[in-house]
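Scroll down for the structure; my scribbles are underneath it.
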Amino acid sequence: MMKKNIFAIFLSGFLLSGCVQISSEKELTLSAPPMGWNSFDSYGTYLYEDAAMKNLEVFAEKLAPYGYKYFVIDAGWFGEYELVPGTLYPKEKHAKNLNINEYGLLQPSKTYFPNGLKPIIDRCHELGLKFGLHIMRGIPRVSVERNTPVKGTEFYARDIADTTSICKWCEQNYGVDMTRPGAQAFYDSWIGQLAEWGVDFIKADDIVPFPAEVEAVAKAIKKSGRDIVLSLSPGGTVDETKLDFFKMGNMLRVTHDIWDDQIGLDQCFKAWRKWQGKEDENFFIDMDMIPFGELQVMSPVPEGLTGNESQNEIKKMKKDGKLKNVELLSGKGFHRQSQFTKDEMLTFITMRALAASPLMMGGNLLTVDKFTLSLLTNKEMIACNQNSVMGSLKYENDKIEIWNTPKKNSNDGWIGIFNRNAKESQEYVLSASQLGLDGNGFLLKDIWNNSELLIGQEVSVPANGVIFMKYEVK
């Protein structure tokens, strides 16, 4: 493997053009986008031991038989939260008190995981599944305050911390200055600990704009000797010209947090346009979790609110004295069932299939409904997704968009006819050229309606809906 140069020159956290040469550090091979469950949409940063174990058992029963295998606990697993008395509900968005060991490495929360993570990890592996954890870029502030030693070195936390580098939405960490001695050793010890625990998947957050720390995590994973999937976040503003260092990971988030609303749908389509064709071997474009089912379990609607208010409205009510002691917790909104209509759910999951975006269910599995489960486990949807090809836009007119995903090593494939009109259904006459097909010699099957279609046939596409079809050479 080509030797990699050390990142040394930075400007506002971004890679300067032409200053380095990059090659991948990873050795793990993923043949298809990862499929699994992530706790954030349903439990925010407040997943607790009993809920984790119960979700794991349902995951093994209902999703694992269809190829889902990554069970991922998102942020907050190390936080000693202040709780609402007599409950497990948090009183603070991000824990101020973090559990660390003598080397400044985060440890499982005694509040939410009194028995540690080992029972969950062991059970996950016993079930033949893979276990994942969320981490934030950098080193905990508390480690810097206590100036804990960097394991195996003569250096300390204050020697490597960049106290000017702070995440905009979570102030628990400082960045690590990778030009300083001991910096890589810190990441080696941090990732090494996770590998020793049996972690198979790392979601590294607040790291996309910081290439030196992306490289540090990738190197540490390689050094650990364990096969670990590396998922890079956050999304939103991501520079597609920096693909070389992004490809040190296996997944790249390209959207902001996606929720059950029109904004989420629009952001996904926008990202798909930008990133179509950027997938690669062992590297997948990630459009965030699937916000289906029961969401925000740990954020009950406060007294005095309906639960439909925006964050800005709530902030104003607090400022005006109309609301007191209301903490806007992690995630978006309050406890609810997904607000997507059935047609929007069909659009959302079809988009994930055609775009080969990792399938990471976000809703609470303990209450998953039959319709949601039928979408997540649809064999044709999964086959399209696991085909690992990101579909491309073939036609757009009057809010109709047609995306085509060819099947690898075949003349067959899948098509999505999307109605981007959120208010009215639209009629469309199937055209071979507009569908991206070479002639009329194809059999067409409507996947969601389980019916045959013909070129020249008129179809009705519901508002915010989709016709998802499979095509095969006659």
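The values are calculated or read from the model by the stated rules, or taken from the named source; none is laboratory data. Everything quoted here is computed from the prediction, not taken from an experiment. Counting neighbours? That spans all protein chains shown, and the Cβs are built from the backbone with ideal geometry, glycine included. Heavy atoms of the whole protein, side chains included, go into the accessibility calculation; ligands, DNA and RNA do not. Shrake-Rupley method; radii C 1.70, N 1.55, O 1.52, S 1.80 Å.
Contact map, segment 446-474: residues that are touching a residue at least 60 places away in the same chain (Cβ under 8 Å) and more than 16 Å from Lys342 (Cβ to Cβ) paired with residues that are part of a loop (DSSP other than H, G, I, E, B) and open to solvent by 10 Å² or more (accessible area, probe 1.4 Å), Cβ distance under 8 Å, separation 6+ or inter-chain. Pairs shown: Lys470/Asp412; Lys470/Ile447; Glu472/Asp412; Val473/Asn411; Val473/Asp412; Val473/Gly441.
Can you tell me which residues in segment 190-217 are touching a Phe, Trp or Tyr at 6+ places or on another chain (Cβ under 9 Å), surrounded by 21 or more Cβ atoms within 10 Å (Cβ to Cβ) and not charged (D, E, K, R)? Matches in segment 190-217: Trp190, Val199, Phe201, Val208, Phe210, Pro211, Ala212, Val214, Ala216, Val217.
Does segment 211-222 contain at least one residue that is in contact with a Pro (Cβ under 7 Å, 6 or more places away or on another chain) and either in a loop (DSSP other than H, G, I, E, B) or more than 20 Å from Pro34 (Cβ to Cβ) (or both)? Scanning segment 211-222 turns up no residue that is in contact with a Pro (Cβ under 7 Å, 6 or more places away or on another chain) and either in a loop (DSSP other than H, G, I, E, B) or more than 20 Å from Pro34 (Cβ to Cβ) (or both). Restricting segment 149-198 to residues that are more than 24 Å from the chain's Cα centre (by Cα), aliphatic (A, V, I, L, M) and assigned to a loop (DSSP other than H, G, I, E, B), the residue that is nearest to Gly104 (Cα to Cα) is Val150.
Restricting attention to segment 251-282, the residues that are assigned to a loop (DSSP other than H, G, I, E, B) and under 20 Å from Gly391 (Cβ atoms) total 9. Here Leu323, Leu305 are screened, and the one residue that is at pLDDT 85 or above, in a loop (DSSP other than H, G, I, E, B) and among the aliphatic types (A, V, I, L, M) is Leu305. Determine whether Pro291 is out of contact with any Lys or Arg (no Cβ under 6 Å at 6 or more places or on another chain) and buried (at least 24 other Cβ atoms within 10 Å of the Cβ). Answer is yes for this residue. Taking the conditions exactly as written (under 27 Å from Glu294 (Cα atoms) and either modelled with pLDDT of 95 or more or surrounded by fewer than 20 Cβ atoms within 10 Å (Cβ to Cβ) (or both)), does Gly18 satisfy them or not? Spelling it out, it is not the case that Gly18 is under 27 Å from Glu294 (Cα atoms) and either modelled with pLDDT of 95 or more or surrounded by fewer than 20 Cβ atoms within 10 Å (Cβ to Cβ) (or both). Within segment 73-89, the residues that satisfy the criterion of being in contact (Cβ under 8 Å) with a residue 24 or more places away in the chain, assigned to a loop (DSSP other than H, G, I, E, B) and open to solvent by less than 60 Å² (accessible area, probe 1.4 Å) are Asp74, Ala75, Gly76, Trp77, Phe78, Glu80, Tyr81. In the set (1) in contact with a Phe, Trp or Tyr (Cβ under 9 Å, 6 or more places away or on another chain); (2) within 19 Å of Asp41 (Cβ to Cβ), the condition left unmet by Leu366 is number (1). Residue pairs whose Cβ atoms lie under 7 Å apart, sitting 6 or more positions apart in sequence or on different chains, and linking a residue in segment 307-335 that is within 18 Å of Tyr46 (Cβ to Cβ) to a partner that is exposed (fewer than 12 other Cβ atoms within 10 Å of the Cβ) and among the polar types (S, T, N, Q), are Leu328/Gln311. Looking across segment 76-103 at every residue that is small (Gly, Ala, Ser) and within 19 Å of Val199 (Cα to Cα), the one that is nearest to the chain's Cα centre (by Cα) is identified as Gly76. Within segment 127-148, track down each residue that is touching a residue at least 12 places away in the same chain (Cβ under 8 Å), surrounded by fewer than 17 Cβ atoms within 10 Å (Cβ to Cβ) and closer than 21 Å to Gln107 by Cβ. The answer is Arg146, and nothing else. Only one residue in Gly249, Gly264 is more than 23 Å from Gln339 (Cα to Cα), touching a residue at least 24 places away in the same chain (Cβ under 8 Å) and under 16 Å from the mean Cα position of the chain (by Cα), so which one is that? Only one candidate qualifies: Gly249.
Tell me, which strands (runs of 3 or more DSSP E) wholly within segment 379-456 include 1 or more residues that are open to solvent by 50 Å² or more (accessible area, probe 1.4 Å)?
Working: elements: 392-397, 400-406, 413-419, 426-429, 442-446, 451-453.
By residue number, 392-397, 400-406, 426-429, 442-446, 451-453.
One residue stands out among those in segment 218-229 that are open to solvent by less than 10 Å² (accessible area, probe 1.4 Å) and farther than 12 Å from Ala195 by Cβ: the one that is farthest from the chain's Cα centre (by Cα), which is Ala218.
In the set (1) over 30 Å from Met298 (Cα atoms); (2) in a helix (DSSP H, G or I); (3) open to solvent by 40 Å² or more (accessible area, probe 1.4 Å), the condition left unmet by Leu354 is number (3). Scanning segment 264-278 for any residue that is surrounded by fewer than 21 Cβ atoms within 10 Å (Cβ to Cβ), closer than 30 Å to Pro211 by Cα, of a type in the set (Phe, Trp, Tyr) and out of contact with any strand residue (DSSP E or B) (no Cβ under 6 Å at 6 or more places or on another chain) turns up at least one such residue.
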